[in-house]
Amino acid sequence: MFLNAAMSAALDRIADRAADARRAFTPGAVAHHDDVARPAASDFTVDPLSVSAPADAYFVTRDEHGRLAYTRDGSFALRGGTLVDASGREVCAVRAPGDSPNALHADAVDEALGRVVEPRIEADGSLVYRRETIDPRNGARESQRVVVGRVVLARFPAGTRLASGDDNESLAPTGIDPLIGVPGDANFAKIAPMQRERSRIDIDQSLIKLKDAYLAFDALRAAEAAKTHLGKTVMDLVK
């Protein structure tokens, strides 16, 4: 059956609704449609690298092609000494005020020698760890607090709809540049350490809306089939 504009639009609506339903259990996911959105909430976690962003902010990540993306999923981890998000993308941060946001790496020597102990992210976005060394002269253990850098946050103008990326990340709309800063500065509230944000998508409502989208498509398809059959009947009568 030929897909006209109405049926193509109906299929697009199904895809949008399915995307919301699929992301209903993704930490920090924001609904594409307001009618399936639910209030922000987060849960305590024992993971010291898991954080929750302020309500109006996003974490910034960079993919393997250097493209910036934005996420509210603060389920971070250290892989090979590099801070990454749940998708394995580098989390953008700064080492000093005025720096450009970039990937955050623990000291390579500390990583190689296994001296990156108890890494965590603090409320001001600082990635810190404890460096343990042994004095070769007397065997005494020494411990030093190391601050690697600070995770950055992004905020978009009110009403901005981010373009869909994958399940965790979104892309900035063309021509829209976010405000970038660090937690606890003049523009951003602090982040919440050891918190994992829940999805902002209501699974029950998203499944209801997905079903409605399928029913609407089925109705359009039936109408098109009836129209085609009627046209054929008329042509047969004319003959």
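Below is a table of values for the structure above.
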{"read-out": "Label-point separation in nm, residue 65 to residue 146, each point 7 Å along Cα→Cβ", "value": "3.4 nm"}
{"read-out": "Gain in span if fully extended, residue 111 to residue 41, counting 0.36 nm per residue against the direct Cα distance", "value": "21.8 nm"}
{"read-out": "The chain: most fluctuating residue of 40, 154, 192 per GNM, C-alpha cutoff 10 Å", "value": "40"}
{"read-out": "Area of residue 82 that stays accessible when all protein chains are in place (1.4 Å probe, Å², to 10)", "value": "20 Å²"}
{"read-out": "Sequence of 68, 113 when ordered by accessible area, the most exposed leading, probe 1.4 angstrom", "value": "113, 68"}
{"read-out": "Within-9-Å neighbourhood charge of residue 63 [Cβ basis; K, R +1; D, E -1]", "value": "0"}
{"read-out": "Label point at residue 133 placed 7 Å out along Cα→Cβ; residues across region 97-120 whose backbone nitrogen lies under 16 Å", "value": "107-117"}
{"read-out": "Rel. contact order, % - alpha carbon contacts under 8 angstrom, at least six apart, region 64-170", "value": "24 percent"}
{"read-out": "Carbon/sulfur fraction of accessible area - the chain, other protein chains in place, 1.4 Å, %", "value": "55 percent"}
{"read-out": "Accessible area of residue 70 in the full protein assembly, 1.4 Å probe (Å², nearest 10)", "value": "10 Å²"}
{"read-out": "Per residue value of the accessible surface for the chain (all protein chains in place, 1.4 Å probe), Å²", "value": "56 Å²"}
{"read-out": "Residue 209 - accessible surface, heavy atoms, 1.4 Å probe, Å² rounded to 10", "value": "60 Å²"}
{"read-out": "Value of relative contact order over the chain, rounded to a whole percent, pairs C-alpha under 8 Å and six or more apart", "value": "30 percent"}
{"read-out": "Proximal aspartates and glutamates relative to residue 227, as straight alpha-carbon distance under 17 Å, when same-chain residues fewer than 8 apart are discounted", "value": "218, 236"}
{"read-out": "Mean ellipticity per residue at 222 nm, deg cm²/dmol - from DSSP H runs of n ≥ 4 across the chain, formula -39500 (n - 2.57)", "value": "-8500 deg cm²/dmol"}
{"read-out": "Accessible surface, 1.4 Å probe, highest first, among residues 105, 33", "value": "105, 33"}
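The values are calculated or read from the model by the stated rules, or taken from the named source; none is laboratory data. Bear in mind the structure is a predicted one, so any value in this text is a computation, not a measurement. Here Cβ is always computed from backbone atoms with ideal geometry, including for glycine, and neighbour counts include all displayed protein chains. Quick note on the areas: whole protein, heavy atoms, side chains included, nothing else; ligands and nucleic acids left out. Shrake-Rupley method; radii C 1.70, N 1.55, O 1.52, S 1.80 Å.
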